[in-house]
1. For a paramagnetic label modelled at 7 Å from the Cα of A:E323 toward its Cβ, which residues of region A:142-183 fall within the zone defined by backbone nitrogen distances under 12 Å?
2. Taking a ≥ b ≥ c as the square roots of the Cα gyration tensor eigenvalues, with a/c under 1.5 meaning rounded and otherwise prolate when a/b beats b/c, else oblate, which class fits region A:82-148?
3. Can you tell me the FRET efficiency between A:K379 and B:S335 if r is taken as the Cβ-Cβ distance and R0 is 25 Å, rounded to the nearest 0.05?
4. Note down the nm distance, to one decimal, between modelled labels 7 Å out along Cα→Cβ at B:R58 and at A:E468.
5. More than 17 Å apart: what percent of Cα pairs in region B:171-318 qualify?
6. Using the beta-carbon distance between B:E41 and A:E417 and R0 = 60 Å, what value does 1/(1 + (r/R0)^6) give for FRET efficiency, to the nearest 0.05?
7. Which residues among region B:197-218 fall inside the zone where the amide N is under 12 Å from a point 7 Å beyond the Cα of B:N231, along Cα→Cβ?
8. In region B:431-475, carbon and sulfur make up what percent of the accessible area (probe 1.4 Å)?
2 protein chains.
Amino acid sequence: MNDEVLDSDVEEFRRAGHAAVEWVARYLERREELPVLSRVEPGEIAGRFDNAPPLHGRPMESLLDDVDRKILDGVTHWNHPGFFAYFAITGSQAGIIGELLSAAFNVNGMLWRTSPAVTELEQVVLDWLRQALGLPAGLFGIINDTASINTFLALAAAREQLGLDIRSEGMTGRELPLCRIYCSDQTHSSIDKAALALGFGFAGVTKIRSDSRYRMDVEHLRAVLEADRRNGVRSCAIVATVGTTPTASIDPLVQIGALAEQYGAWLHVDAAYGGSAAILPEMRWLWDGVDAADSIVVNPHKWMFTPVDCSVLYTRKPEILKETFSLVPEYLRTSESDVINYMDYGLQLGRRFRALKLWMVFEHYGLEKMRQVIAGHLKMARKLAASLAELPDIALMAPQSLSVVVFRRLVRNGAGEVDQEESDRATERLVERINASGESFVSPTRLEGRLVIRVAIGHGQTEWRHLERLLQVVR
Amino acid sequence: MNDEVLDSDVEEFRRAGHAAVEWVARYLERREELPVLSRVEPGEIAGRFDNAPPLHGRPMESLLDDVDRKILDGVTHWNHPGFFAYFAITGSQAGIIGELLSAAFNVNGMLWRTSPAVTELEQVVLDWLRQALGLPAGLFGIINDTASINTFLALAAAREQLGLDIRSEGMTGRELPLCRIYCSDQTHSSIDKAALALGFGFAGVTKIRSDSRYRMDVEHLRAVLEADRRNGVRSCAIVATVGTTPTASIDPLVQIGALAEQYGAWLHVDAAYGGSAAILPEMRWLWDGVDAADSIVVNPHKWMFTPVDCSVLYTRKPEILKETFSLVPEYLRTSESDVINYMDYGLQLGRRFRALKLWMVFEHYGLEKMRQVIAGHLKMARKLAASLAELPDIALMAPQSLSVVVFRRLVRNGAGEVDQEESDRATERLVERINASGESFVSPTRLEGRLVIRVAIGHGQTEWRHLERLLQVVR
């Protein structure tokens, strides 16, 4: 045996691998018995580990015991069918196998030649996904880790499209016109983060009012764009959302697209959560107006059964993305032409083989099954909203949309009027009771200053009985 | 059975999981029989798949057959012990198991409460890593996907540290002084990409000459910094590299750190590849001067047995990173104080449970074993350099450093002088012969305009016999 070689014994992997598969199978079987939200105190998990790294190793089977004893109760189980917080995400058995194989290959698909299958399977499966979603033909697709990154890439391309030579001349040492990003006050924080990172600053992000249904107010957008144009401000990009985080509201793409064209702004559509619903033919209306989009983000790792991370960026302007990011040093030059080297289309050089798990999800379940599950989520959300609406001291606080339901407890004073302060406190107590049950986990947010509870349905194992349990606590 | 539920049968996962473990074990056993560099033609892999997504699913076992028939020969095997291109990366059996468990948990560790174990195990294991590497106490650590992102985050913090209110006021609509990033002409392209994304532009990146050993020329750096100061240019950050990509050269941190302090620039140390060598006590000199570093990147997914992706950023100024990136919308507010919410320290909201695989690597192998393997790589690189130096028509083109060897074929004319053009062509033919062998994969680059071959040793399974095969082709 050569001491300078790692893993000289593949039999050891076999044993540990089979044991790990058993561990995972048991985890999947008992996930409903575990409390969704971890109950550990800060520092509790860290305190279970030594302060110094181990000098000598130990068998993997004993590490599985440690996962049970030291880690498991520190996990908030996003893989529990009662996880309704944030946006519920859902992996799948096929997705887990896909990740296992990816980890074994351990490739970096930065260039076509560094694993042609990584690039080509990505192209194949992103065209499948595009068809499944009913998006326009001809879109270029790329998988990245998160919607945060994909939005960042899209806004970077929008910045380059301004024609201000930002790639070559930069944004310092000269005065650029004020450049702005427009999005609604319901937009996800990742849009602000991307804009700040790209040097727009808070001064370069204008929040457009939303209407009574939490959709971007197109007249306000028009007024702001017009005022900015008169003042010499460059309109860089408009971000519209299909399925906002607070209420799953859907911005009016048709009108926003017309304004983007009129004012020369890049239109980015954040459908990270909501886009997956469009695999249902009856939900294709979500894309009305999407032809005008310069870029679209959809997250299969959110609501399409693919383990994190797998976020997809589609764009009809890949050449601008490439102009923004391509840099080919000598040590990365290759001779192939007519191939896509995905490193040219983004910030990150390293690329995991993420297409493999998405491919396995499509092949193992098939589109029909995926549609059934998502249709089930939509149906359960409607039923939950209807059930909540019947309760006397509960009010739905936004139109029920996609798989999200937003509500609040109402407390009335002696005169029968709603006491908003007391209602906030009662809603907060209700959140605590739900989350203390161990059977459901919801996350609150604020709408117009008032505390509300969001229920976001999205896990592949969620059935009506899980929502019944939530309803019981509410009742 | 409820048609609206995915994965109703965990037994199916058990069967497929065990089959997948067998598949991976056979892959690990036969990896040396596979050609390192894929031989497929562009389009060949894509052509094996249907144009449309499948409507109906099929068993996972049949997908494993497809991996064999349709995908495997399109993989360039980074997991082959003869992979010497770019920087060889190395996963491990423990790392594969870690990824399997992470995919099963499928959590998002954006906030402490969204899985306390993700945050706390990350803190524990990054302190282990810090100790293992001999880095200063008190550094804040965070795992991200790639060095590209970690460098980007570090330079974003450096930009914020300029005190120009870039987060609030942005970089447009006002004239900022010219701000610059300094790095050597040997620096990795990810530094340029980060600088371009952050709005410095090519105009805001100054490449410092390297000396005859490809280390940053400190006198040139001093002269540039001084001239820039006289001209009112703001020195934003200096990027020093411990283990450059072309030759694994090591920039002089002590002198660069002194200049960074003198000129008020953030010092970022790119040790993505080279840092791992510092787990050997005799290699701690790599960090001479590192106390002055504001941020350091080390990639366990490169040379520390952890599957991609796992890149670590250490900083002594986490508060500036947080000031740069923290944005907490209502739907992400939580009540815990005194916990780290890692989303506050970066661009990406989504966070996989990456600490788990790094923890498994430390626990399963132990530091002593990890040291033995890396010491073996260093020894093999020295031996390879010595063997190549003995060959009459081969010249080492850079001092042998860490696990990298850089050489070139020399062709002499009748007068015994080196014909550089012919040598380029002969070197190119040699690259082609090595890569056609199927037993080794090397990537060429250019040094001072001349084609050279890089051999980067870094896979946990590499033994001297693999380098012997490479030597045979060279001979």
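1. Correct set: A:157-168.
2. Oblate shape, in that a/c is at least 1.5 and b/c is the bigger or equal ratio.
3. 0.15
4. The two pseudo-label positions are separated by 3.8 nm.
5. Of all Cα-Cα distances in region B:171-318, 61 percent exceed 17 Å.
6. 0.20
7. Only B:203-207 fall inside the zone, counting backbone N under 12 Å.
8. Using a 1.4 Å probe with all protein chains present, region B:431-475 comes out at 43 percent carbon and sulfur.
The values are calculated or read from the model by the stated rules, or taken from the named source; none is laboratory data. What you are looking at is a predicted structure, and each value in this text was computed from that prediction instead of being measured. Here Cβ is always computed from backbone atoms with ideal geometry, including for glycine, and neighbour counts include all displayed protein chains. The accessibility values were calculated without ligands, DNA or RNA, using every heavy atom of the protein model including side chains. Shrake-Rupley method; radii C 1.70, N 1.55, O 1.52, S 1.80 Å.
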